[in-house]
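Engineer: This is the structure I want to talk about, given as structure tokens.
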Amino acid sequence: MEHFAAMMLLISCSDDVSSCAEIPTDVPIYDSVAKCDADMPRLMVRYSVAPLVLGKCISIDPALHDKSAEIIWDVAVDGTLVAEILELSEGPIMVADAGKQ
């Protein structure tokens, strides 16, 4: 069983942060947050494809191993990147349909 401790998230944004998107990286998973942080400056320069590139190393909870999870992120107006990894619930997925009652 492999254990990962951190993942890198890089986001490219327009100048006014009105439009942002994830940047896929070659090495998104690291065995420590420190190694991820150390690699961040190099990769931010390498993947700099927009006026603003933001990065964050997110700690991965070992309890999420072999579970479904998603990365939730947002960029504030001041350019602060906020991100976390959340476990997806395993319950039934319900979809609301405005046309049916």
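The values are calculated or read from the model by the stated rules, or taken from the named source; none is laboratory data. Nothing here was measured: the structure is a model prediction, and the numbers come from that model. Note that each Cβ is placed from the backbone with ideal geometry, even for glycine, and that neighbours are counted across all protein chains shown. For accessibility, only protein heavy atoms count, side chains too; no ligands or nucleic acids. Shrake-Rupley method; radii C 1.70, N 1.55, O 1.52, S 1.80 Å.
Engineer: Just to be sure before I move on: is Ser48 on the phi < 0 side of the Ramachandran plot and at pLDDT below 85 in the structure I sent?
Structural biologist: Criteria met by Ser48.
Engineer: Working only within the range 25-60, note down all residues that are surrounded by fewer than 13 Cβ atoms within 10 Å (Cβ to Cβ) and among the acidic types (Asp, Glu).
Structural biologist: Once the filter is applied, which keeps residues that are surrounded by fewer than 13 Cβ atoms within 10 Å (Cβ to Cβ) and among the acidic types (Asp, Glu), the range 25-60 yields Asp26, Asp31.
Engineer: Restricting attention to the range 82-101, and to residues there that are at pLDDT 80 or above and not charged (D, E, K, R), which single residue is most open to solvent (accessible area, probe 1.4 Å)?
Structural biologist: Applying the filter and picking the extreme gives Val82.
Engineer: Since Ser19 meets every condition but one in (1) modelled with pLDDT under 90; (2) surrounded by 13 or more Cβ atoms within 10 Å (Cβ to Cβ), which condition does it not meet?
Structural biologist: Status for Ser19: all satisfied but (2).
Engineer: If we keep just the residues of the range 64-78 that are in contact with a strand residue (DSSP E or B) (Cβ under 8 Å, 6 or more places away or on another chain) and over 19 Å from Ile23 (Cα atoms), which is modelled with the lowest pLDDT?
Structural biologist: Here the residue is Leu64.
Engineer: Specify the residue that is most open to solvent (accessible area, probe 1.4 Å); the eligible residues are those in the range 66-81 that are acidic (Asp, Glu) and assigned to a strand (DSSP E or B).
Structural biologist: Per the stated criteria, the residue is Asp74.
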